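As structure tokens, the structure follows; a few thoughts come after it.
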Amino acid sequence: MAGALRAGVIDGAFLLSNLSMDLFDKGIDINTILVGHRHGSGITIKKNSDIKTPEDLKGKKIAIPSEISTHTALLESYLKTEGLSLKDVQTKVIAPSNTTKALQRGIIDAFIVAEPFCAKAEAEGDGTTLVLSKDILENHICCIVVVRKEALQANPEGIQEWVDSMIASGKFIEQDKINNGAINVAHMATRYMNHSGDIIVNALTNPINRIIYDDLHPRHSDYQAILDISVKAGLMQDIDLYAFINDSFYKNSSAIIAS
């Protein structure tokens, strides 16, 4: 997706927050206009593992989705709570869909990726969740919506309609979690995702704020939190967030005004 965005093959994408920032820093003319979701990841370890604390991860092989990813930044933040850093573990880039098998086969000791792979490992008996990302950094952003500036300028009405629909969808998900235990969302998601409804429900509701969709405001402070961790960990350079974030579509959304 990053390559397609760079080449102009696509106009927009849901991408990892700091990967998007890094693309912007490297000259891709994009803006972030919305948060995709908050929370929604975790560090999963093999079932019956002796890993109990951040210190126990020292020297361990941990799968990440990308070197520059929200998950790598969250891992750094978790390790820092006991005086460690990314230099004290062995990170391995593995596609999220392969992490549960890698854990099962002993290729890795743990992984940190987005849901529903933590929930999948739990359901299939291969792993257990050491810590949810919400408990590493409260209210953190993860995937964000980025759009090429030329597309924003060429079709602002269409972009606004899209943003309105995403905000409304986020509210629908949260209401379905509360009113129906996320059954309706899970039913729809199984059409597009290779996961059972039970796994999706668990990823959405256990606990209820395991992943949240009703606050998609692209706030400077939330981006800054991930950026600061990433820069200090040496994952990327500092960027001008004021030039990167365009919150006008969020602020002008009929879905927000109506509420």
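Only the Cβ atoms of Lys and Arg (+1) and of Asp and Glu (-1) were treated as charged; on that basis the dipole of region 39-137 about its Cα centre amounts to roughly 240 debye. Between helix 156-180 and the chain there is an angle of about 40 degrees, using the helix long axis and the longest principal axis of the Cα atoms. Taking label points 7 Å from Cα along the Cα-to-Cβ direction, Tyr242 and Val9 give a separation of 3.6 nm. Across the chain, Cα pairs under 8 Å and at least six residues apart give a relative contact order of 31 percent. State the antiparallel share, in %, of DSSP beta bridges confined to the chain, rounding to the nearest 5. Counting DSSP beta bridges with both partners in the chain, the antiparallel share is about 75 percent.
Remark on Val89: its backbone amide H falls under 5 Å from those of Gly59, a criterion applied only to residues 5 or more positions apart or on other chains, H modelled at 1.01 Å from N.
How high is the relative contact order of region 40-135? Use alpha-carbon pairs under 8 Å, at least six apart in sequence, and give a whole percent.
48 percent
Using every alpha carbon pair in region 134-259, what percent of pairs falls into each 10 Å bin from 0 up to the bin containing the largest distance? Bin by bin from 0 Å, the calculated values are 11, 33, 34, 21, 1. In terms of its alpha-carbon gyration tensor, the chain comes out oblate; a/c meets the 1.5 threshold, while b/c is at least as large as a/b.
Springs join every pair of Cα atoms under 10 Å in this Gaussian network model of the chain, and among Leu75, Leu216, Leu152 the largest mean-square fluctuation is at Leu152.
Among the GluC sites (Glu not before Pro) in region 150-242, none is located in a DSSP loop while being surrounded by at most 12 other Cβ atoms within 10 Å of its own Cβ.
Electrostatic bookkeeping for Thr53 treats Lys and Arg as +1 and Asp and Glu as -1; over the other residues with beta carbon under 15 Å from its beta carbon, the sum is -3.
If you run the Gaussian network model on the chain, springs between alpha carbon atoms under 10 Å, then out of Gly127, Gly42, Gly170 the most flexible one is Gly170. Backbone geometry of region 128-133 corresponds, through the Karplus equation with coefficients 6.51, -1.76 and 1.60 at θ = phi - 60°, to 3J(HN,Hα) couplings of 9, 7, 6, 7, 7, 5 Hz, x marking Gly and Pro.
Relative to the longest principal axis of the Cα atoms of the chain, helix 70-80 runs at roughly 50 degrees. Show the residues, 5+ positions off or on another chain, whose built amide H is closer than 5 Å to the amide H of Leu137. So Leu137 has HN proximity to no qualifying residue. Relative to the longest principal axis of the Cα atoms of the chain, the long axis of helix 220-232 makes an angle of roughly 40 degrees. Rounded to the nearest 500, the 222 nm mean residue ellipticity of the chain from helices alone is -12000 deg cm²/dmol, with -39,500 (n - 2.57) taken per DSSP H run of at least 4 residues.
Comparing Tyr78, Tyr223, Tyr242 in a Gaussian network model of the chain (Cα springs below 10 Å), the most mobile by mean-square fluctuation is Tyr242. Annotation: amide H-H contacts under 5 Å for Lys47 (H modelled 1.01 Å from N, sequence separation of 5 or more, or interchain): Gly127, Thr128.
Looking at region 40-135 alone, DSSP beta bridges between its own residues are antiparallel in about 60 percent of cases.
Read-outs throughout are calculated quantities, based only on the coordinates presented, and are distinct from any laboratory measurement. Just so you know, these numbers come straight off a predicted model, no measurement behind them. No Cβ is skipped: glycine too gets one built from the backbone with ideal geometry, and neighbour counts run over all protein chains shown.
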